[in-house]
């Protein structure tokens, strides 16, 4: 695919919409060397006799505008003006789709230069994570205060991917099996969403993914932060996948205990079209607090978690398997968390 376009680097305080040249932003011919390299590698790869050529998208010329806002106000203005644009932060999801030709946007909004979306700050008994916070940020800076999120982050992909991939990116891609989603849901985290000219609104993290590939973002909206309560007790995450790491969860269960309140919370992922907060299982934790160390209590808790799920079969596991494994994972997570009391 011959690709021509323009790159907008929003260095001026003017909102990056309209004609970029009129704003003084840097504009230049842009040709993706990554796309060329991938195409060349495919074309030159050795093939067995009779092996067919790889499937290729029809060649066509297309223009791609990349808007790179430096401020949150500019980012929101760009989002409002380009509602069909693809938003990119770490790029670990979007760039894969671009390289394989599954995604052909006219406009990209690159948030990586927006300093207001970086970093984290304590706020009362919570930590507010900027929308550009990566899995590595969580592991290196917030393991003590957000141990559940750190446990989940450690199971995600490779170190190189964790250095780039953002927590928010995983949410807006709408993956109901996301490891971070389990941790955020059990912690009672909220996601802050903004639109130009409107107040920021909050969405419960466990409800943010509304279906596979869909999320609670409306037209013109961007996620600006995630607010996560500091852990007030032991947490444990149990996950089943094709491998111990670098694999999506077939199912995952996070359990967080709250000793001061004599109760707990849980969130299951990969076992329904959305994340699941198993209300009856959480009520069981409070009702049976003094007996949670009993193996039978853990078994009953696992059955309640499985009963709250609604898994669909796919290539990674049947419905029956996911029901079974969600019960086992919930039991194991509770046993580990209780052992740390």
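The values are calculated or read from the model by the stated rules, or taken from the named source; none is laboratory data. Everything numeric here is computed off the predicted structure, so don't read it as measured data. For neighbour counting, all protein chains shown are included, and Cβ atoms are generated from backbone atoms with ideal geometry for every residue, glycine included.
State whether one or more residues within segment 69-79 are in contact with a helix residue (DSSP H, G or I) (Cβ under 7 Å, 6 or more places away or on another chain), at pLDDT below 95 and more than 30 Å from residue 151 (Cβ to Cβ).
For segment 69-79, residues in contact with a helix residue (DSSP H, G or I) (Cβ under 7 Å, 6 or more places away or on another chain), at pLDDT below 95 and more than 30 Å from residue 151 (Cβ to Cβ): absent.
Of everything in segment 104-138, what is under 20 Å from residue 164 (Cα atoms), more than 15 Å from the chain's Cα centre (by Cα) and in a loop (DSSP other than H, G, I, E, B)? Give them in sequence order.
111, 112, 113, 114, 118, 119
Go over the candidates 143, 169, 218 one by one and state the one that is closer than 20 Å to residue 117 by Cβ, assigned to a loop (DSSP other than H, G, I, E, B) and assigned by TED's automatic domain parsing to the domain that holds residue 125.
Selected residue: 218, the only one of 143, 169, 218 that is closer than 20 Å to residue 117 by Cβ, assigned to a loop (DSSP other than H, G, I, E, B) and assigned by TED's automatic domain parsing to the domain that holds residue 125.
Condition first: touching a helix residue (DSSP H, G or I) at 6+ places or on another chain (Cβ under 8 Å) and free of Cβ contacts under 8 Å to residues at least 24 places away in the same chain. Now tell me which residues in segment 274-294 satisfy that.
284, 288, 291
Give the residue, chosen from 253, 305, 271, that is touching a helix residue (DSSP H, G or I) at 6+ places or on another chain (Cβ under 9 Å), in contact (Cβ under 8 Å) with a residue 60 or more places away in the chain and either in a helix (DSSP H, G or I) or under 20 Å from residue 171 (Cα atoms) (or both).
253
Being in a strand (DSSP E or B) and surrounded by fewer than 21 Cβ atoms within 10 Å (Cβ to Cβ) is the filter here, so list the residues in segment 225-239 that pass it.
Once the filter is applied, which keeps residues that are in a strand (DSSP E or B) and surrounded by fewer than 21 Cβ atoms within 10 Å (Cβ to Cβ), segment 225-239 yields 227, 229.
If I filter segment 224-231 for residues that are more than 19 Å from residue 153 (Cα to Cα) and either outside the structural domain of residue 89 (by TED's automatic domain parsing) or without any contact (Cβ under 8 Å) to a residue 40 or more places away in the chain (or both), do I get at least one hit?
Checked against the condition, which is being more than 19 Å from residue 153 (Cα to Cα) and either outside the structural domain of residue 89 (by TED's automatic domain parsing) or without any contact (Cβ under 8 Å) to a residue 40 or more places away in the chain (or both), segment 224-231 yields at least one hit.
Please verify whether segment 213-230 includes one or more residues that are at pLDDT below 95 and either within 26 Å of residue 338 (Cα to Cα) or out of contact with any strand residue (DSSP E or B) (no Cβ under 9 Å at 6 or more places or on another chain) (or both).
yes
Are any of the residues in segment 156-165 touching a residue at least 24 places away in the same chain (Cβ under 8 Å), surrounded by fewer than 22 Cβ atoms within 10 Å (Cβ to Cβ), more than 22 Å from residue 93 (Cβ to Cβ) and in contact with a helix residue (DSSP H, G or I) (Cβ under 7 Å, 6 or more places away or on another chain)?
No, every residue in segment 156-165 fails to be touching a residue at least 24 places away in the same chain (Cβ under 8 Å), surrounded by fewer than 22 Cβ atoms within 10 Å (Cβ to Cβ), more than 22 Å from residue 93 (Cβ to Cβ) and in contact with a helix residue (DSSP H, G or I) (Cβ under 7 Å, 6 or more places away or on another chain).
Given 248, 262, which one is surrounded by fewer than 20 Cβ atoms within 10 Å (Cβ to Cβ), touching a residue at least 12 places away in the same chain (Cβ under 8 Å) and over 20 Å from residue 165 (Cα atoms)?
Exactly one residue qualifies, and that residue is 262.
Let me confirm something: among 317, 264, 252, which residue is at pLDDT below 95, touching a strand residue (DSSP E or B) at 6+ places or on another chain (Cβ under 6 Å) and not assigned by TED's automatic domain parsing to the domain that holds residue 207?
Selected residue: 317, the only one of 317, 264, 252 that is at pLDDT below 95, touching a strand residue (DSSP E or B) at 6+ places or on another chain (Cβ under 6 Å) and not assigned by TED's automatic domain parsing to the domain that holds residue 207.
Among the candidates 324, 258, which residue alone is outside the structural domain of residue 212 (by TED's automatic domain parsing) and closer than 22 Å to residue 147 by Cα?
Answer to the check: 258.
Being assigned to a loop (DSSP other than H, G, I, E, B) and crowded, with 18+ Cβ neighbours inside 10 Å is the filter here; which residues of segment 308-339 pass it?
308, 309, 311
When you scan segment 314-333, do you find a residue that is farther than 18 Å from residue 275 by Cα and in contact (Cβ under 8 Å) with a residue 40 or more places away in the chain, even just one?
Within segment 314-333 (the criterion being farther than 18 Å from residue 275 by Cα and in contact (Cβ under 8 Å) with a residue 40 or more places away in the chain), the answer is yes, since at least one residue qualifies.
So residue 242 passes all but one of these: (1) out of contact with any strand residue (DSSP E or B) (no Cβ under 8 Å at 6 or more places or on another chain); (2) modelled with pLDDT under 95. Which condition number does it fail?
(1)
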